[in-house]
Structure formats: structure tokens, C-alpha cells
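Asks: Below: one structure in C-alpha cells.
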């Protein structure tokens, strides 16, 4: 367990009023942990002591990924006006710009050294605009239903090689769509993952003023589709595991009875994408990813998955089959604050559950 044996079995992410934890990331070199609590980024040491926070976010900060190459934390950020966006505006008391915008937020976390730092004013956050996501979110499907592919925005985010490339290949940034569940809708049973070369972000990065969101961002490199069947809100957390070369996608389980509705899927990182027809989309074709044949197989739909019920609110690969997994909760009434404990877990290859907590 290279390095992992020196990491705590549990890391306390504190208790916060801003919303439930959406993602976690770890810097094993300098020994810091990062938690996104919807509208605040929390930095702790590995003993759970709060080092600093980034506030002043009025959108939905989702999954997080630590980039070892530039020592920054990348996160999905949504500024939108659906039920989630309206809930955040009500909670914060701040009305965002009328347009719906989606960004990769980039935090210079080595500068985060005190509680209450501001995302807009303290020079610690930049963002790149994802026009591809805005296009799908704002467009209708061929059947006339709003939001192409059922796109609700973005959530899962992780660094790893191009699908099908060797594990030591340059890492790209993969960004996964949120997908509206809508069990009576056809054509929303694929996960959608966008590929970007983060090294090209420098010429697009700008500070983000959420009342006047900028439109500076790259074109998407590639767009992939993964047939999993129905989910609620798509890939909540996406994580690349360099140990196996696979990608883990944690979701809130779907509701369509024709699918197994697993809480986690494993994307086979060794399998090159192949062009094929997308299910229930009128003959539309795209680059298809492959599920790893491991865990539980649902013969009727052809879908593989594992039944581990956590990971939707955060997961970090540590190497040698070890992960930190987010276990979220609430404090007792009347406060009902949102909590997170990052627990050290062990991968169980071939097991239908897939993971276990290290005791």
C-alpha cells in the first residue's frame, strides 16, 4: 500500500451549513484534504483540522480532483436556474446572472490559508467556460424534450489518460454530465463524458464574477457515451485509478425497471472507444465507452456494475487498491449541519459490492 499505510483511516471534514458534501480530493504529498460542501471549499489537514475555506460561491460546486502536475484543485461548477440552482439561490440569498453557465473551477489551494477567503476577490480561483455543456443543456432532444441527452449540467471530474491509452500516457481532464433521471423519458440512459487537455486551459482561465459570467473556454477534445441505464443526476463523482487503469463512476440509482440501477459503474480504461449507435436516440451515433465485466451482470440490459452504496459524494484513489470514500451525514437537530467523514476503503476485485472499509 505505497503511501496509503501512512494515511489516517478516517478524516473528519467538519460540520457546515452550506449544503451536503459533493466531492473530496487529497494531496498526499503535503497532506491536505479538500471537501466541497456545495457552496464552500474546505481545506483540512489529515487530522481533520480546518486550514482554510473558500466562500463566495453562489453556484453548485461538485466533484473535486487534485492535479499533482500543477498543485491545484479542479471542480465542476454550475450556475443554473433549475430546482438545484433555485435552491442554492434561496439558501445564499444571492441571485446569479440570468443565463445558465457551466465551468471548471480551478483553485490555487496552496494560497488557501485562512477561513473565509472569497472566490471572487482573493485571487485564488479561476474558471474556464464549457460551451459544449451549455449547448446541450440549453438545446432540446429530437423528441422535443428540453436538455439534450437529459443534460442537467456537470458533476464528476477526474484526471487520467485517454480511454484505451497506456496508464503512463499524459493525463487529460474528464468531465461528466449530470443527467436528469426522468424515468419516463427515452434517450437519457447514457452517461456523457467530455475530454479536455487541461494544459491548454491557461489561455482561457479568467477570474469569475458570478453576476457577469464570462464565456472564455476551450472547445471539447472528444465526447464519449457510456450506456449504464437510468440514473438520478448522472455521474456524481468520477475517479481514475492508476493502479488498474480503470475509471469509477458513482451515481444516485435510477428508477427504470428494465435496468439494474447500480450505484457504481467501472469504466474499462484499457478499452479504446468505438463508434456505435446510441440507445433510444433515433439512430444517433457516438464514441462509446465500455463497462468493465466485473461485479454484477444484468443479462437483460447487458449492464455491469457494483453495489457499493457510497462514492456519490466523493472518492479519491490512493494507489494499490485503496481509496478514500466520502460518508456524508447530518448533525442532530436543531442544527442539522452537513458532515463528511472520508474513510479509507479497500478495493475488492471480483466482489459484487466492490469495496470495504479498512478497519
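Asks: Mind checking the full-extension length gain between residue 50 and residue 6? Use 0.36 nm per residue of separation minus the Cα-Cα distance, one decimal, nm.
Replies: Values: separation 44, 0.36 × 44 = 15.84 nm, distance 1.99 nm.
Length gained between residue 50 and residue 6: 13.8 nm.
Asks: Next question. Under the Kirkwood approximation for Rh and a Cα-based Rg, what ratio Rg/Rh is obtained for the stretch 1-62?
Replies: Details: Rg = 12.2 Å, Rh = 12.1 Å.
Radius of gyration over Kirkwood radius for the stretch 1-62 works out to 1.00.
Asks: Suppose we keep just the DSSP beta bridges with both residues in the stretch 1-133; what percent of those would be antiparallel, to 5?
Replies: Values: 33 of 35 bridges.
Of all bridge pairs located within the stretch 1-133, approximately 95 percent are antiparallel.
Asks: How big is the gap, in Å, between the Cα center of the stretch 14-85 and the Cα center of the stretch 171-243?
Replies: Centre-to-centre distance over Cα atoms comes out at 17 Å.
Asks: Give me the orientation-averaged projected area of the Cα convex hull of the stretch 4-357, in nm², one decimal. Write out the running numbers ahead of the final one.
Replies: Values: hull surface 66.7 nm².
Projected over every direction and averaged, the Cα hull of the stretch 4-357 covers 16.7 nm².
Asks: Okay, next question. Going by the alpha-carbon gyration tensor, a ≥ b ≥ c the square roots of its eigenvalues, is the stretch 178-272 rounded (a/c under 1.5) or, if a/c is not under 1.5, prolate (a/b greater than b/c) versus oblate? Please report the intermediate quantities before stating the final value.
Replies: Details: a/c = 2.44, a/b = 1.45, b/c = 1.68.
Cα axes put the stretch 178-272 in the oblate bin.
Asks: For 297, 225, which order do you get if you count the other beta carbons within 10 Å of each Cβ and list the fewest first? Could you put the intermediate results ahead of the total?
Replies: Details: 297 14, 225 23.
Starting with the residue having the fewest Cβ neighbours, the order is 297, 225.
Asks: Now a separate question. Defining a contact as two alpha carbons under 8 Å apart and six or more residues distant in sequence, what relative contact order in percent does the chain show? Working shown, then result.
Replies: Details: 992 pairs, mean separation 57.2, N = 359.
That works out to 16 percent.
Asks: Counting DSSP beta bridges in the chain, what percent are antiparallel, to the nearest 5?
Replies: Details: 94 of 98 bridges.
Restricted to the chain, the bridges split so that about 95 percent are antiparallel.
Asks: What percent of all Cα-Cα pairs in the stretch 68-196 falls into each 10 Å bin, going from 0 up to the bin containing the maximum distance?
Replies: Result returned by the calculation: 11, 34, 34, 17, 4, 0.
Asks: Compute the projected area of the convex hull of the Cα atoms of the stretch 214-256, averaged over all viewing directions, and report it in nm² to one decimal place. Could you put the intermediate results ahead of the total?
Replies: Details: hull surface 19.8 nm².
Result: a mean projected hull area of 5.0 nm².
Asks: Mind pulling up the Rg/Rh value for the stretch 296-355? Radius of gyration and Kirkwood radius, both on Cα. Before the final figure, lay out each step's value.
Replies: Working: Rg = 15.0 Å, Rh = 13.4 Å.
Rounded to two decimals, Rg over Rh is 1.12.
Asks: In what order do 33, 89, 264, 117 fall by count of nearby beta-carbon atoms within 10 Å, going from fewest to most? Intermediate results must be reported in sequence, preceding the final value.
Replies: Values: 33 28, 89 16, 264 25, 117 21.
Neighbour counts put them in this order, fewest first: 89, 117, 264, 33.
Asks: At 7 Å along the Cα-to-beta-carbon direction for both residue 280 and residue 121, put a label point, then send me their distance in nm to one decimal.
Replies: Result for the modelled spin labels: 4.8 nm.
Asks: Express the relative contact order of the stretch 1-150 as a whole percentage, based on alpha carbon pairs under 8 Å and six or more residues apart in sequence.
Replies: Details: 294 pairs, mean separation 25.3, N = 150.
Here the relative contact order equals 17 percent.
Asks: Cα convex hull of the stretch 55-108: mean projected area in nm², to one decimal? If you can, show how the numbers build up before the last one.
Replies: Details: hull surface 15.6 nm².
That works out to 3.9 nm², a quarter of the Cα hull's surface.
Asks: Next up: What whole-number value in cubic angstrom gives the convex hull volume per residue for the C-alpha atoms of the stretch 151-234?
Replies: Numbers: hull volume 9.9 nm³, N = 84.
So the per-residue Cα hull volume is 118 Å³.
Asks: For q = 0.09, 0.18 Å⁻¹, what log10 I(q)/I(0) does the stretch 1-139 give under the Debye formula with an equal point scatterer on each alpha carbon and no solvent?
Replies: The computed values of log10 I(q)/I(0) come out as -0.28, -1.01.
Asks: Could you list 171, 300, 222 so that the one with the fewest beta carbons within 10 Å of its beta carbon is first and the one with the most is last? Show your work: numbers first, answer last.
Replies: On the way: 171 21, 300 8, 222 15.
In increasing order of surrounding Cβ atoms, one gets 300, 222, 171.
Asks: As a test of the formula, what do you get for the chain when each DSSP H run with n ≥ 4 contributes -39,500 (n - 2.57) and the sum is divided by the residue count, at 222 nm and rounded to the nearest 500 deg cm²/dmol? If you can, show how the numbers build up before the last one.
Replies: Values: 2 runs with 18 residues, N = 359.
Value at 222 nm, helices only, nearest 500: -1500 deg cm²/dmol.
Asks: In nm, give the distance between the simple-model label positions of residue 220 and residue 348, each being 7 Å from the Cα along the Cα-to-Cβ direction.
Replies: 3.6
Here, each number is a calculation from the coordinates, and none is a lab measurement. This one's a predicted model, so the numbers in the text were calculated from it and none came from an experiment. Reconstructed Cβ throughout: ideal geometry from the backbone, glycine too, with neighbour counts over all protein chains shown.
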